[in-house]
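Accompanying notes for the structure given below.
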Amino acid sequence: MTQPASCRSEQRNSGRVVPTLVLDGAEQMALDALLLEGCWRSEQRSPVIRFYQWRRPTLSLGRHLRRIPDRWHQLSRDGHVALVRRPSGGGAVLHAGGLTYALIWPEAPHQRQEAYATLNSRIQRGFQQLGVNLSSGAHPQDAGEVNCFARSTQADLVDEDGSKRIGSAQFWQHGHLLQHGEIPLTPPVSLWRSLFESPPPQWHPEPPSVQDVEQALMQALSQQWPGLKWITRPISAAERADLQTRASLYRLEASAL
């Protein structure tokens, strides 16, 4: 197997930005796992930030989520939504009409609460630049819900009306952190209701653009490593081959759940 090149950089004191990609959901999950693995395998151990969207409406299930409603099986069989397994934990998240971020944090704080709080503070600052004030959810971090956006834990961020705006989840490997976050901006109302039997989160008066959110969060998250040079580097041919090989590990068939 070709070793992932995720964290190699032109110079030691640098971080990597992966340009925005629109891929199949299983490919996205495989790439995030490869970026994390490449980071802890590399002597550089540099952070990685990327934002992405999904080729088709996709429901991602947290790594420990097993029992799901029968209607999700049917919606998948009917072709309305793809199903994938995330390497990170948490509940089910619909990826459609939104923006996903993935951050690789080498040697992150060992306490997950501290890591969440640190990154959330950065994200809050980013959204403040967009005129949106966010705060942490009220429920304990171990609160479990099949629908990720049905409840806001201390790992999530809500607006001034209490509407959940960002759901985040973590995956740790050899002391290094992969944190996922989903930001629903214009989710499809009908599909959301079919999946979760509730309305999607609504923005008032309107959501910020994908481009504005990405720019604000890139600037805010990168400040976690002041003085670090950020280098934009697309995925390599070797990384693309590896993620396509591993994508089957994250792709789910309704009949297999």
>> Quick check on segment 14-25. Is at least one of its residues β-branched (Val, Ile, Thr) and either in contact with a Ser or Thr (Cβ under 7 Å, 6 or more places away or on another chain) or open to solvent by less than 10 Å² (accessible area, probe 1.4 Å) (or both)?
In response: yes
> What number goes with the only condition from (1) open to solvent by 40 Å² or more (accessible area, probe 1.4 Å); (2) out of contact with any Leu (no Cβ under 9 Å at 6 or more places or on another chain) that GLU160 does not pass?
Replying inline: (2)
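Consider GLN170 carefully, then state whether it is under 18 Å from PHE51 (Cα atoms) and open to solvent by 10 Å² or more (accessible area, probe 1.4 Å). Before the answer, list the steps.
Numbers: under 18 Å from PHE51 (Cα atoms): yes; open to solvent by 10 Å² or more (accessible area, probe 1.4 Å): yes.
When the stated conditions are applied, GLN170 passes them.
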> Got at least one residue in segment 211-226 being surrounded by fewer than 19 Cβ atoms within 10 Å (Cβ to Cβ), charged (D, E, K, R) and out of contact with any Leu (no Cβ under 8 Å at 6 or more places or on another chain)?
Replying inline: no
> PRO208 is checked against (1) at pLDDT below 95; (2) part of a loop (DSSP other than H, G, I, E, B) and fails just one. What number does that condition carry?
Replying inline: (1)
> For segment 133-145, which residues satisfy the criterion of being open to solvent by less than 70 Å² (accessible area, probe 1.4 Å), touching a Phe, Trp or Tyr at 6+ places or on another chain (Cβ under 9 Å), modelled with pLDDT of 80 or more and assigned to a loop (DSSP other than H, G, I, E, B)?
Replying inline: LEU134
> Across segment 173-202, what is the number of residues that are in contact with a strand residue (DSSP E or B) (Cβ under 6 Å, 6 or more places away or on another chain), of a type in the set (S, T, N, Q) and either open to solvent by 30 Å² or more (accessible area, probe 1.4 Å) or in a helix (DSSP H, G or I) (or both)?
Replying inline: 0
>> Looking only at strands (runs of 3 or more DSSP E) that lie completely in segment 42-132, which have at least 1 residues being modelled with pLDDT of 95 or more, more than 26 Å from PRO19 (Cα to Cα) and open to solvent by 10 Å² or more (accessible area, probe 1.4 Å)?
In response: none
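The values are calculated or read from the model by the stated rules, or taken from the named source; none is laboratory data. This one's a predicted model, so the numbers in the text were calculated from it and none came from an experiment. In this analysis, Cβ positions are derived from the backbone assuming ideal geometry, glycine residues included, and neighbour counts consider all displayed protein chains. These accessible areas exclude ligands, DNA and RNA; they are computed on the full protein's heavy atoms, side chains included. Shrake-Rupley method; radii C 1.70, N 1.55, O 1.52, S 1.80 Å.
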